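Remarks on the structure that follows.
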Amino acid sequence: MASSISEPENEEKIKRFQKDNVEEAELVHFLKDYPSKEYFRFVPSEGIQRDGGGGPTEPKMFSSVVSRTIPDDALVEKEQRSFHRPQPLDLQQQHMAAPTPPSPSRPRSPWGRLDPYDSDEDDKEYVGFATLPNQVHRKSVKKGFDFTLMVAGEAGLGKSTLVNSLFLTDLYKDRKLLNAEERILQTVEITKHVVDIEEKGVKLRLTIVDTPGFGDAVNNTECWKPVADYIDQQFEQYFRDESGLNRKNIQDNRVHCCLYFISPFGHGLRPLDVEFMKALHQRVNIVPVLAKADTLTPCEVERMKNKIRDEIEQFGIRIYQFPDCDSDEDDDFKMQDQALKECIPFAVIGSNTVVEAKGRRVRGRLYPWGIVEVENPDHCDFIKLRTMLVRTHMQDLKDVTRETHYENYRAQCIQSMTRMVVKERNRKHEQERRSVLS
């Protein structure tokens, strides 16, 4: 059946449809070029405005720019560019088009003004490797940290009490105190306590190595030998693990620091103290501690410290040396580091008891004449010891153990193995020579 509509009418409808599509495409492209509402503000027309020539004009929909002004030439250029696109957009793509969601905020860096995340990603000069410290930080926190602390000294000097005070934990719940007869027969033992501590999302695997029986016997000849053997055993175990096939999950039990407790009842170092520190100063970081400082007056404490420092230098004992501060460190850190260096040996007091002093509850020891506060810098060096051991120099203690003490042991092991190989090779060559001559 023939169509009842004539060809002129069909052509007219097709032209009208194409015109509508072109106008719609022009409007879509114009809105695409200026999509944000922040660029324009709507100004309602108050009747019909007249231009300078007196003729009527259309009300202005977009009369001014809010955040920036667009020049007329640029606007005309954009309009002309949009009119040169006669192809209509797909309606499905128009409805699916959505504004790009804002990117998640980047984490704040602990470096403050040197925050590498402050740089603009679109900056051509910004590569991104400045965020490597943050990557190491996240990986280290996820993996956790470990630290091994050894405490040595004769019984009754407050070693266990000080350790509990340092890390706010109770590591000696099931400890059994020996009487005098049992202590005479007791030999030096090595006991290890492992506790997992978490603070603000940072996990620390703390290992405390105690030496009960040290210095308690009548004959203390070479009583430090079990302690030195234990340190060497940990080095040997780490060397074996490091030289093995599977090196992914190596457990580090090397002793990073040794707190050696010096008795306050004397006139400086005893011969046992000298021999112990001289036998171990090449194996571990030794930090001397003057125990039970509340039994001495401030003048006696200062006199005892000077005496111990002079004897350490006199006998050639190499205790842990604080690293020098970098030139870019602030003055407060340099002053704090200098104060820690001047405090050696640390005069400490340990207490796990909370007492009330002047309306405040503090950890301390109650005496008939008053209260000794453990965390009062005027009473003892407990705060300074904890600052050095945990807050400022824990990583340096581990670095010195790895780079100095362990490397010395490793070099000795390699030299011994090399000598054994050379000796065995020479023996075989001598046997071959004799067999040829015979």
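The values are calculated or read from the model by the stated rules, or taken from the named source; none is laboratory data. Computed from a predicted model, the values in this text were never measured in an experiment. Ideal geometry is used to build each Cβ from the backbone, glycine not excepted, and the neighbour counts take in all protein chains shown.
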**Report entry** Criterion: over 26 Å from Val301 (Cβ atoms) and not aromatic (Phe, Trp, Tyr) - qualifying residue of Val390, Val372, Val422
**Finding:** Val422
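Of a type in the set (S, T, N, Q), closer than 21 Å to Lys192 by Cα and in a loop (DSSP other than H, G, I, E, B), is that true of Gln234? Before the answer, list the steps.
Working: of a type in the set (S, T, N, Q): yes; closer than 21 Å to Lys192 by Cα: yes; in a loop (DSSP other than H, G, I, E, B): no.
For Gln234, the condition - of a type in the set (S, T, N, Q), closer than 21 Å to Lys192 by Cα and in a loop (DSSP other than H, G, I, E, B) - is not met.
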Query raised in the report: Is it the case that the range 125-141 has a residue that's closer than 18 Å to Thr207 by Cα, of a type in the set (Val, Ile, Thr) and at pLDDT below 80?
Result: no
Query raised in the report: Does at least one position in the range 336-353 carry a residue that is loosely packed, with under 14 Cβ neighbours inside 10 Å, modelled with pLDDT of 90 or more and over 19 Å from Met394 (Cα atoms)?
Result: no
Report summary line: Scanning the range 142-163 for residues that are at negative phi, among the small types (Gly, Ala, Ser) and modelled with pLDDT of 85 or more gives Ala152
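Can you tell me which residues in the range 374-391 are polar (S, T, N, Q) and not in a loop (DSSP other than H, G, I, E, B)?
Kept after step one, since they are polar (S, T, N, Q), are these residues of the range 374-391: 376, 387.
Of everything in the range 374-391, just one residue is polar (S, T, N, Q) and not in a loop (DSSP other than H, G, I, E, B), namely Thr387.
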Query - Val301 being within 17 Å of Leu340 (Cα to Cα) and either touching a Phe, Trp or Tyr at 6+ places or on another chain (Cβ under 6 Å) or of a type in the set (Lys, Arg) (or both) - result: no
Report summary line: When every residue in the range 294-345 that is among the aromatic types (Phe, Trp, Tyr) and touching a residue at least 60 places away in the same chain (Cβ under 8 Å) is compared, the one nearest to Phe276 (Cα to Cα) is Tyr320
Report task. Would you confirm whether any residue within the range 359-373 is modelled with pLDDT under 90, of a type outside the set (Val, Ile, Thr), surrounded by 11 or more Cβ atoms within 10 Å (Cβ to Cβ) and in a loop (DSSP other than H, G, I, E, B)? Result -> no
Query - Identity of the residue in the range 275-332, of a type in the set (Phe, Trp, Tyr) and not in a helix (DSSP H, G or I), that ends up farthest from Arg402 (Cα to Cα) - result: Phe315
Query raised in the report: Any residue at all in the range 217-227 that is of a type in the set (Phe, Trp, Tyr), touching a strand residue (DSSP E or B) at 6+ places or on another chain (Cβ under 9 Å) and assigned to a loop (DSSP other than H, G, I, E, B)?
Result: yes
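Conditions (1) under 25 Å from Leu397 (Cβ atoms); (2) hydrophobic (A, V, I, L, M, F, W, C), marked per residue:
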{"residue": "Glu300", "(1), (2)": "no, no"}
{"residue": "Lys307", "(1), (2)": "no, no"}
{"residue": "Pro323", "(1), (2)": "yes, no"}
{"residue": "Val362", "(1), (2)": "no, yes"}
Query - Extreme residue, surrounded by the most Cβ atoms within 10 Å (Cβ to Cβ), among residues of the range 122-164 that are charged (D, E, K, R) and more than 11 Å from the chain's Cα centre (by Cα) - result: Lys159
Report summary line: Selection from the range 392-438 of residues at pLDDT 85 or above and outside any helix (DSSP H, G or I) yields His393
**Report entry** Selected residue (criterion: surrounded by the most Cβ atoms within 10 Å (Cβ to Cβ)) from residues of the range 207-259 that are farther than 24 Å from Val390 by Cα and among the acidic types (Asp, Glu)
**Finding:** Asp216
